[in-house]
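Read the structure below first, then the notes.
Each reported figure results from applying straightforward, stated rules to the coordinates on display, with no laboratory input. Worth saying up front: this structure is predicted, and the values here are computed from it rather than measured. Positions of Cβ are backbone-derived with ideal geometry, glycine not excepted, and every protein chain shown enters the neighbour counts.
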Amino acid sequence: MNFKNISYSCRYFPEIDRFCISQNEKSSTFDYVIKSKFYSSFEYYRYIPGPNLTLSQIDKYLLKYPCECCFEITKSCNLKCRICISDAVGTAKNMLSISKFRRIIEKNNFSRVTLTGGEPTLHPDLYNLIKTSSKKASNIIFSTNGINIGISFLHAQQISHFF
């Protein structure tokens, strides 16, 4: 991507859940990222600047070209975990529609899409949300509490040919 006459590349490393944004695709290697002061820092940096880039340059780049998106696809949940940051409740009618989801996915080029909630396995159109995500994103994260693992496994079998 070209940003103010400088060509940038964004590469995701799922092994360590980090992105590297650099001016040269070859400089954004796994070894570079794990040796970076931003990776080994006490603070958590999800986006590691490549050689000769600053954090402020990366921020400007991400405002124009987001690399990931987290979708809270439902407000329903089948648990009430004290540590959970979601304000989900039992059965909520507030769910992300597949049409709105498709519009967002189709006009962006996310490297990573996260489906969460509440409990994403309670979304009635979960299969189509995952199918739509897999057409554009190379990494799909599915955040579940595991209670409906049978449903999650069934969806995984149905969509395994997309990956």
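If you bin the C-alpha pair distances of the chain every 10 Å from 0, what whole percents do you get?
Bins of 10 Å from zero give 10, 33, 30, 22, 5, 0 percent of pairs.
Percent of alpha carbon pairs in region 68-162 separated by more than 23 Å? Spell out each step's value before the answer.
On the way: 883 of 4465 pairs.
Looking at region 68-162, the distances longer than 23 Å represent 20 percent of pairs.
Quick one: putting +1 on the C-beta of Lys and Arg, -1 on the C-beta of Asp and Glu, what dipole do you get for the chain around its Cα centre, in Debye to the nearest 20? Present the calculation step by step, with values, prior to reporting the outcome.
Working: 21 positive and 12 negative charges, 82 e Å.
The calculation lands at about 400 debye.
Please report the antiparallel percentage of the DSSP beta bridges confined to the chain, to the nearest 5.
Details: 8 of 21 bridges.
In the chain, approximately 40 percent of DSSP beta bridges are antiparallel ones.
At 20 °C and 1.002 mPa s, what whole-number value in µm²/s does Stokes-Einstein give for the translational diffusion of region 2-64, with Rh from the Kirkwood sum over Cα pairs?
183
Hey, got the dipole for region 68-162? About the Cα centre, +1 on K and R Cβ, -1 on D and E Cβ, debye to the nearest 20? Walk me through the numbers before you get to the answer.
Details: 12 positive and 6 negative charges, 46 e Å.
That gives a dipole near 220 debye.
What value, in deg cm²/dmol to 500, does the helix sum -39500 (n - 2.57) over DSSP H runs of n ≥ 4 give at 222 nm once divided by the residues of the chain?
Details: 6 runs with 51 residues, N = 163.
Here the helix-only value at 222 nm equals -8500 deg cm²/dmol.
With Kirkwood's inverse mean 1/r over C-alpha pairs for Rh, give me the Rg to Rh ratio of region 37-113, two decimals please. Each step should come with its number before you reach the end.
On the way: Rg = 17.2 Å, Rh = 15.7 Å.
With Rg and the Kirkwood Rh in hand, the quotient comes to 1.09.
Please give the peptides 115-128, 17-30 ranked by average Cβ packing (other Cβ atoms within 10 Å per residue), highest first, as a rough proxy for protection.
Numbers: 115-128: 20.6, 17-30: 17.2.
Packing proxy ranking, top to bottom: 115-128, 17-30.
Full-extension gain between Cys84 and Ile104, please, as 0.36 nm times their residue separation minus the C-alpha to C-alpha distance.
Working: separation 20, 0.36 × 20 = 7.20 nm, distance 2.59 nm.
Going from the current span to full extension adds 4.6 nm.
Report, in whole Å, the centroid distance computed from the Cα atoms of region 1-60 and region 83-121.
Taking the Cα centre of region 83-121 as reference, the centre of region 1-60 is 27 Å away.
Of Asn108, Cys77, Pro120, whose Cα points farthest to the positive end of the dipole of the chain (charges on the beta-carbon: +1 Lys, Arg; -1 Asp, Glu; origin at the Cα centre)?
About the Cα centre, the residue reaching furthest to the positive side is Asn108.
At a Cα cut-off below 16 Å, give the lysines reachable from Lys136, other chains included and same-chain residues fewer than 8 away excluded.
Cross-link targets: Lys100, Lys107.
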